[in-house]
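This report refers to the structure that appears directly beneath it.
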Amino acid sequence: MFEEGFVEVTGGRVWYVKFANDSGKAPVVILHGGPGSSCYSLQGLKALAKERPVILYDQLGCGRSDRPTDPSLWHIERFVEELGQLRQALNLNEVHILGHSWGTTLSAAYCLTDPRPEGVKSVIFSSPCLSAPMWERDQRENLKKLPLEVQETIRSCEEKGMTDTPEFEAAIEVFGKNFVNRLENSPKWLDEKPKDYRNSEVYNIMWGPSEFTVKGNLKTFDCTAQLKELTMPTLYTCGRFDEATPETTKYYSSVTPQSQFHVFENSAHMSYVEEAEEYLRVIGNFLNSVE
């Protein structure tokens, strides 16, 4: 069974889809990456609905949600508020939260708000970005693993403000093949993702024009000192070749009480696609263990 619809939030309406069952278990809410992307690539996680309800939604400004043109909406505090409004509208009194990439930034900011939100039974940080400075540092190290001409193209395009050129896009594709999605042949449905689901304005305002240098309003985001305050069961995951590096992900786990750490050995940033069956197994086992 599934239902879909819209929820009113600050600034407009967000689209959601809920895959339900009658298990009585707490649902898991999926927070997609970006910012300004959509939950489209995460749709395979609906398979978790064999055990419990699953809710995916497109954050405001992207995917199938409304596209307001007010740039003052694009800051993390409003996205935190949006998640709370979604929970209230769907009567999600108890939830598990699974964030991926920027979704982990949002998950952490939400769980660490004052007062702390009630009813969060567990949190999964999948390929986490919990410190913008550390993310930027790690990408600089990842770049060093690529051919020199690719490194030079990215450096030069950033310096000259040419991050919208074919040269930069070609270099980013090489980076992506190494650290984002290493599959030779991605699933057909992934290649069919509508191009207009992404909102580059949201990304540019919050992160910046380039993956490698944070210039947006998330530039100073760093919640690592607060991770010790997370009291619910927590799982950190990443791919062996992830841009969210195993070293940094393990560090986040080491400073978080009641946390577990798992590396998917044959994938990069999109483990949920690259190793879909194993990803579902690990996530499902964790959720069942903390229910």
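The values are calculated or read from the model by the stated rules, or taken from the named source; none is laboratory data. Model, not experiment: these values are computed from the prediction. Note: ideal-geometry Cβ built from the backbone for every residue, glycine included; neighbour counts use all protein chains shown.
Is it the case, given these coordinates, that residue 202 is among the β-branched types (Val, Ile, Thr), crowded, with 17+ Cβ neighbours inside 10 Å, out of contact with any His (no Cβ under 6 Å at 6 or more places or on another chain) and under 18 Å from residue 42 (Cβ atoms)?
The answer is yes for residue 202.
Kindly indicate whether residue 166 is touching a helix residue (DSSP H, G or I) at 6+ places or on another chain (Cβ under 8 Å) and more than 28 Å from residue 276 (Cβ to Cβ).
The answer is no for residue 166.
Considering (1) in contact (Cβ under 8 Å) with a residue 60 or more places away in the chain; (2) farther than 23 Å from residue 208 by Cβ, say which one residue 91 fails and leave the rest.
For residue 91, the exception is condition (1).
Find the residue count for segment 75-92, including only residues that are surrounded by fewer than 15 Cβ atoms within 10 Å (Cβ to Cβ) and either farther than 13 Å from residue 117 by Cβ or of a type in the set (Asp, Glu) (or both).
Summing the residues that are surrounded by fewer than 15 Cβ atoms within 10 Å (Cβ to Cβ) and either farther than 13 Å from residue 117 by Cβ or of a type in the set (Asp, Glu) (or both) in segment 75-92 gives 2.
Go through 141, 159, 136 for me and flag whichever is modelled with pLDDT of 95 or more and exposed (fewer than 15 other Cβ atoms within 10 Å of the Cβ).
Unique residue meeting the criteria: 141.
Quick check on segment 114-131. Is at least one of its residues assigned to a helix (DSSP H, G or I), buried (at least 20 other Cβ atoms within 10 Å of the Cβ) and either out of contact with any Asp or Glu (no Cβ under 7 Å at 6 or more places or on another chain) or not β-branched (Val, Ile, Thr) (or both)?
Quick first cut of segment 114-131, residues assigned to a helix (DSSP H, G or I) only: none.
No, segment 114-131 contains no residue that is assigned to a helix (DSSP H, G or I), buried (at least 20 other Cβ atoms within 10 Å of the Cβ) and either out of contact with any Asp or Glu (no Cβ under 7 Å at 6 or more places or on another chain) or not β-branched (Val, Ile, Thr) (or both).
Being of a type in the set (Asp, Glu) and touching a Ser or Thr at 6+ places or on another chain (Cβ under 7 Å) narrows it down to one of 141, 167, so name that one.
Exactly one of 141, 167 is of a type in the set (Asp, Glu) and touching a Ser or Thr at 6+ places or on another chain (Cβ under 7 Å), namely 167.
Which helices (runs of 4 or more DSSP H) does segment 168-267 wholly contain that include 1 or more residues that are within 22 Å of residue 63 (Cβ to Cβ)?
Fully inside segment 168-267 and qualifying: 188-191, 200-206.
Could you check segment 264-283 and list, in sequence order, the residues that are within 18 Å of the chain's Cα centre (by Cα) and closer than 29 Å to residue 23 by Cα?
Initially, segment 264-283 is screened for residues within 18 Å of the chain's Cα centre (by Cα), giving 264, 267-276, 279-280, 282-283.
Result: 264, 270, 271, 272, 273, 274, 275, 276, 279, 280, 282, 283.
Tally up the residues in segment 142-186 that are in contact (Cβ under 8 Å) with a residue 12 or more places away in the chain, of a type outside the set (Ser, Thr, Tyr) and closer than 17 Å to residue 268 by Cβ, please.
Residues in segment 142-186 being in contact (Cβ under 8 Å) with a residue 12 or more places away in the chain, of a type outside the set (Ser, Thr, Tyr) and closer than 17 Å to residue 268 by Cβ: 15 in total.
When the residues of segment 108-140 are narrowed to those that are of a type in the set (Asp, Glu) and in contact (Cβ under 8 Å) with a residue 40 or more places away in the chain, which ends up nearest to residue 286 (Cα to Cα)?
138
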